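Structure record follows, encoded as structure tokens.
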């Protein structure tokens, strides 16, 4: 179906991390990405272009400048990624992950939910997030790039996992001596699942967790953190969050909050930050956050 072959301009930032204004400037300077359209004449970006943009994203995070890579072919970009060990990880689907994907293809949401419950019953909530949910999301993204799934399948997967994790988090009881943590998305961030995953992991470890959701102004986030008397504020930045805005957002929040309240940040959006802003802790995986949590426990 044609929707699998193209991404609309309104979805391009969510899919690649590059906004429409940025791409328009590149088109003027480098003649990339090209103007494309669907069979019925609607503006869109092809899968080939999306692949190139994702490769460009990796190379920019690896230290290249736009003038060095924008406009190169996908083959040229892949060779650069391979040379610098920046290639995307090989995705190996196990039987469980493939079963989830098949349920999505068939729109069997009852079966999808049953599989979540079945996998959850095998392990702790923390292990469920790390060994079931995280690999599943990587495989879903891989299936999308291979045209096996449509965007709506991705959305269904995310929504059902969010619903399931929320219910699981509510069953966790905080442990004495463990810190209180406020979870939030920065302004203009829309990807909630990553934040919920780290909340589930830390709640399972014993933290008292409070989720305030997304798109809340930083001044209001400050008021929430103070009124709820939390020890830590956790922010999650997705791949699509503008890289230039991550550090300024964290530093602004650091200036607003009392020094006693720690700020932790994670997600694909912080990967490109070479040096953490002063007073901020950046985490590249769940395990690092768990270690930091236990160090705070008394």
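The values are calculated or read from the model by the stated rules, or taken from the named source; none is laboratory data. Remember, it's a predicted structure, so these values are computed and weren't measured experimentally. Please note: Cβ atoms are built from the backbone with ideal geometry, for glycine as well, and neighbour counts cover all protein chains shown.
Within segment 118-136, restricting attention to residues that are without any contact (Cβ under 8 Å) to a residue 40 or more places away in the chain, part of a helix (DSSP H, G or I) and surrounded by fewer than 18 Cβ atoms within 10 Å (Cβ to Cβ), which residue is nearest to the chain's Cα centre (by Cα)?
131
Mind checking which residues of segment 99-117 are loosely packed, with under 13 Cβ neighbours inside 10 Å and closer than 16 Å to residue 133 by Cβ?
The answer is 114, 117.
Which of (1) modelled with pLDDT under 90; (2) closer than 26 Å to residue 20 by Cβ; (3) surrounded by 16 or more Cβ atoms within 10 Å (Cβ to Cβ) does residue 235 not meet, given it meets every other one?
Every condition holds for residue 235 apart from (1).
Look through 290, 232 and report the one residue that is under 24 Å from residue 173 (Cα atoms) and touching a strand residue (DSSP E or B) at 6+ places or on another chain (Cβ under 8 Å).
Result of the check over 290, 232: 232.
Quick one: how many residues across segment 13-49 are in contact (Cβ under 8 Å) with a residue 24 or more places away in the chain and in contact with a strand residue (DSSP E or B) (Cβ under 6 Å, 6 or more places away or on another chain)?
7
Taking the condition over 21 Å from residue 138 (Cβ atoms) and either modelled with pLDDT under 95 or surrounded by fewer than 20 Cβ atoms within 10 Å (Cβ to Cβ) (or both), does residue 257 pass? Spell out how you get there, then give the answer.
Values: over 21 Å from residue 138 (Cβ atoms): yes; either modelled with pLDDT under 95 or surrounded by fewer than 20 Cβ atoms within 10 Å (Cβ to Cβ) (or both): yes.
The answer is yes for residue 257.
In contact (Cβ under 8 Å) with a residue 12 or more places away in the chain and surrounded by fewer than 18 Cβ atoms within 10 Å (Cβ to Cβ): is that true of residue 226 in this structure? Steps first, please.
Numbers: in contact (Cβ under 8 Å) with a residue 12 or more places away in the chain: yes; surrounded by fewer than 18 Cβ atoms within 10 Å (Cβ to Cβ): yes.
Taking the combined requirement at face value, the residue satisfies it.
Does residue 186 qualify as being at pLDDT 95 or above, under 19 Å from residue 263 (Cα atoms) and in contact with a strand residue (DSSP E or B) (Cβ under 8 Å, 6 or more places away or on another chain)?
Values: at pLDDT 95 or above: no; under 19 Å from residue 263 (Cα atoms): yes; in contact with a strand residue (DSSP E or B) (Cβ under 8 Å, 6 or more places away or on another chain): yes.
In short, no.
Can you name the condition, by its number, that residue 198 falls short on among (1) outside any loop (DSSP other than H, G, I, E, B); (2) buried (at least 18 other Cβ atoms within 10 Å of the Cβ); (3) modelled with pLDDT of 95 or more; (4) more than 14 Å from the chain's Cα centre (by Cα)?
(4)
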